[in-house]
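Some notes on the structure that comes next.
The values are calculated or read from the model by the stated rules, or taken from the named source; none is laboratory data. Source: prediction; values computed, not measured. Glycine gets a Cβ as well: all are built from the backbone with ideal geometry, and neighbour counts include every protein chain shown.
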């Protein structure tokens, strides 16, 4: 069952994160309508919103080596990742 979600976290370099194709590659098939956001007062805090098509598949992707490599490539600080789903 699709669910709308917001994911936010800190990154090392906002410009690099914004321009990276990795998020589209990793989330292809499990998330659509992805929009990116930058916190105006916290320079390294970013986020994205979109529709998770299948939560089980999404969680599997997030736990995968590919997602870990993409996060490393994009400079995502793993301990800061927060997921909110539509209530």
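May I ask you to list the residues in region 7-28 that are within 20 Å of residue 57 (Cβ to Cβ) and either touching a strand residue (DSSP E or B) at 6+ places or on another chain (Cβ under 6 Å) or not in a helix (DSSP H, G or I) (or both)?
Kept after step one, since they are within 20 Å of residue 57 (Cβ to Cβ), are these residues of region 7-28: 7, 22-28.
7, 28, listed by residue number.
Being touching a strand residue (DSSP E or B) at 6+ places or on another chain (Cβ under 8 Å) and surrounded by fewer than 11 Cβ atoms within 10 Å (Cβ to Cβ): is that true of residue 53 here?
When the stated conditions are applied, residue 53 does not pass them.
Give me the pairs: first residue in region 1-22 and surrounded by 12 or more Cβ atoms within 10 Å (Cβ to Cβ), second residue modelled with pLDDT of 95 or more and part of a helix (DSSP H, G or I), beta-carbon distance under 6 Å, and six or more apart or on different chains, which are they?
Hits for this filter: 9/80; 10/80; 11/17; 17/74; 20/74; 22/70; 22/73; 22/74.
Give me a count of the residues in region 39-77 that are in a helix (DSSP H, G or I) and in contact (Cβ under 8 Å) with a residue 60 or more places away in the chain.
Within region 39-77, residues that are in a helix (DSSP H, G or I) and in contact (Cβ under 8 Å) with a residue 60 or more places away in the chain number 1.
Among the residues of region 1-25, write down those that are under 18 Å from residue 82 (Cα atoms), at pLDDT below 95 and over 12 Å from the mean Cα position of the chain (by Cα).
none
Hey, any hits in region 26-34 for a residue that's surrounded by fewer than 13 Cβ atoms within 10 Å (Cβ to Cβ) and under 10 Å from the mean Cα position of the chain (by Cα)? Working first, answer last.
First pass over region 26-34, keeping only residues surrounded by fewer than 13 Cβ atoms within 10 Å (Cβ to Cβ): 28-29, 32-33.
With under 10 Å from the mean Cα position of the chain (by Cα) added as a condition, the list becomes none.
The answer is no; no qualifying residue exists.
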